[in-house]
Amino acid sequence: MKYDYDLLVIGAGSGGVRAARIAAGHGKKVAICEADQVGGTCVIRGCVPKKLMVYASQYNKLFKAAKTFGWDIDSRFDWPTLLHNKNAEINRLNGIYLNLLANAGVALIEGHGSFIDPHTVDIAGKSYSAEHILIATGGRPSVPDIPGSEHVITSNEALELPALPESITINGGGYIAVEFAGIFNALGVAVNLVYRGPQILRGFDAEVAAFAQQSFAEAGVQVMTDTEILAVESTASGLLCQTNQGPLASEVVMFATGRQANTDRLNLAAAGIATQANGQVVVDREQRTSVANVFAVGDVCNQDNLTPVAIREGHYLVDRLYAGGQQFPEYDHIPTTVFSQPEIGTCGLTEADARHQYPNIECFTSTFRAMKYAMSEVSEKTFMKIVVNADTDQVLGMHVVGADGGEMIQGFAVALKQGLTKTQLNRTIGIHPTSAEEFVTL
Ligand code: NDP
């Protein structure tokens, strides 16, 4: 063989692991390098631990609702227990990933990968060559360079706090900010959610974002819009954020102000691999970088920072490279869920985007109290919205804010992607009593 490997994958996250083991299954000699635990952002410090914490925090509300169903529960929450069990679960998943790689015959090389030339990568002082190289190094939180930024934590540290704080200020109005605001608020921490614009969740349907913001506030989160954190100071009693609206004190300050691609340690220049101004690797439809034998998948090259997107990109790529595959990921109708409390499930166009693209748009909405909470002191409501092209009857977008919103939208997304019409939706019999049935009767 001219090279040590057919495929060398840099980064053992969701996209990299999938590509490596499928390529090995196609009979290729494959290695993957990783400096941390195997599993990447999703398993180690993202989707999985976050959702475990969402589940943990939701018990508070369930215990409240339980009272009206006759349960008298004396509950106490213990953060170290959650942390211990969460870490045990991540270690278990890490073990599963390691087994998947080993069983597929993929060599795991420990260390950071750094390009020497387009076919050669340095890993922990040793060089390895490959015919194809796949960059799957993902991303990490990015914190703006303001005075006192060394005092703030990101989602990485929020998942590992030694003790539950009494108060936290969370900067940002996107996925991570609102998800962690929900977790900490439900666990009894006083939460300030600070957002620089007039309305959190920019990019989501405006009514959905407004309803969600109102719901978070009603659940106890102090939502502060049009507020910019200019500096963070350490004081004897905690941290003090200087904002354009005045000072704001809290024990912990977390920034969830977006993520950046992990490219700075890859020495991409040595291989001549082009990046965008934000550091993301530039790829074409084939996932090919500016260098013909080097590819990239997932957050390191993509705006859609979503695990299933990275997995699909990696899987289809190696199928095309080694098994005559013809498929490409489709980026339309990607359903997503914000695991806030209440949860936001969404697929397709927002009303504003639909109106921008089509002349006649009709929207259908409903607000109600889910049966689960109807008798209880939990005042949380559910909001649903369907965006329809009035000329063709096609459903362009479906949105929900409420319990199990993500589970609902995953199912409806299948139909939406096939061109679902409003008439077809209404011809479907609802499942009674559920919240999802509201979508077919709107
Ligand atoms: P987002 O891009 O979703 O949100 C970033 C937020 O930070 C925005 O509200 C943005 O404001 C604000 N912001 C950016 N820069 C600054 C700044 N300098 N000062 C103050 N505020 C700032 O990023 P996240 O970090 O929340 O998440 C990254 C991505 O990860 C998501 O977009 C999503 O793709 C993925 N993700 C998906 C999850 C899921 O599927 N459940 C969960 C978590 C993450 P503005 O709107 O004004 O730009």
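Just a few scattered comments:
- Count Lys and Arg as plus one, Asp and Glu as minus one, and take only other residues whose Cβ is under 9 Å from that of Gly111; the net charge is then -2.
- Bridging of Lys417 to lysines at a Cα separation below 22 Å is possible for Lys385, once same-chain residues fewer than 8 apart are set aside.
- Calculated FRET efficiency for the pair Val414/Ala274, C-beta based, R₀ 45 Å, to 0.05: 0.80
- Listed by number, the DSSP H helices of the chain that run 30 Å or longer by alpha-carbon position along their axis and have mean Kyte hydropathy of at least -1.0 are 47-68, 79-104.
- Remark: the Ala66-Glu437 segment gains 131.2 nm on full extension, using 0.36 nm per residue and subtracting the alpha carbon distance.
- The spacing between region 1-40 and region 59-91, judged by their C-alpha centroids, is 39 Å.
- Computed over protein heavy atoms with a 1.4 Å probe, the carbon and sulfur contribution to the accessible area of the chain reaches 50%.
- Other residues lying with their Cβ under 12 Å from the Cβ of Cys42 contribute a combined charge of +3, Lys and Arg counting +1, Asp and Glu -1.
- Sorting the segments 296-306, 263-273 by their residues' average number of neighbouring beta-carbon atoms within 10 angstrom, most packed first, yields 296-306, 263-273.
- For the chain, the share of DSSP beta bridges that are antiparallel, to the nearest 5, is 60%.
- Between the beta carbons of Asp117 and Arg92, assuming R0 = 41 Å, the FRET efficiency works out to 0.60 to the nearest 0.05.
- For region 323-394: rounded, prolate or oblate by the Cα gyration tensor [a/c cutoff 1.5]: oblate
- Shown here for region 25-133: trypsin sites (Lys or Arg not before Pro) in loop regions (DSSP other than H, G, I, E, B) with at most 14 other Cβ atoms within 10 Å, namely Arg76.
- Heavy-atom SASA rank of Val48, Val378 (probe 1.4 Å, accessible area, largest first): Val48, Val378
- Placing pseudo-labels 7 Å out from each Cα toward the beta carbon at Asp74 and Arg369 gives an inter-label distance of 3.0 nm.
- Rounded to whole Å, sorted largest first: equivalent-ellipsoid semi-axes of the chain, Cα gyration tensor: 38, 29, 22
- Percentage relative contact order, the chain, counting C-alpha pairs under 8 Å, at least six apart: 16
- If you take the alpha carbon atoms of region 30-125 and fit the smallest convex hull around them, that volume is 124 Å³ per residue.
- Solvent accessible area, Å² - Thr275, 1.4 Å probe, full protein context: 60
- Euclidean distance between Cα centres, region 410-424 to region 240-276, Å: 37
- P(r) of region 142-289 over all Cα-Cα pairs, binned every 5 Å from zero, in whole percent: 2, 9, 18, 19, 16, 12, 9, 8, 5, 2, 0
- If the segment from Asp284 to Asp353 were pulled out straight at 0.36 nm per residue, it would be longer than the present Cα-Cα gap by 22.3 nm.
The values are calculated or read from the model by the stated rules, or taken from the named source; none is laboratory data. Treat the numbers as computed from the prediction; the structure is a model and nothing was measured. Cβ atoms come from the backbone with ideal geometry, glycine included; neighbour counts cover every protein chain shown. To get the accessible areas, we keep the full protein, side chains included, count just its heavy atoms, and leave off ligands, DNA and RNA. Shrake-Rupley method; radii C 1.70, N 1.55, O 1.52, S 1.80 Å.
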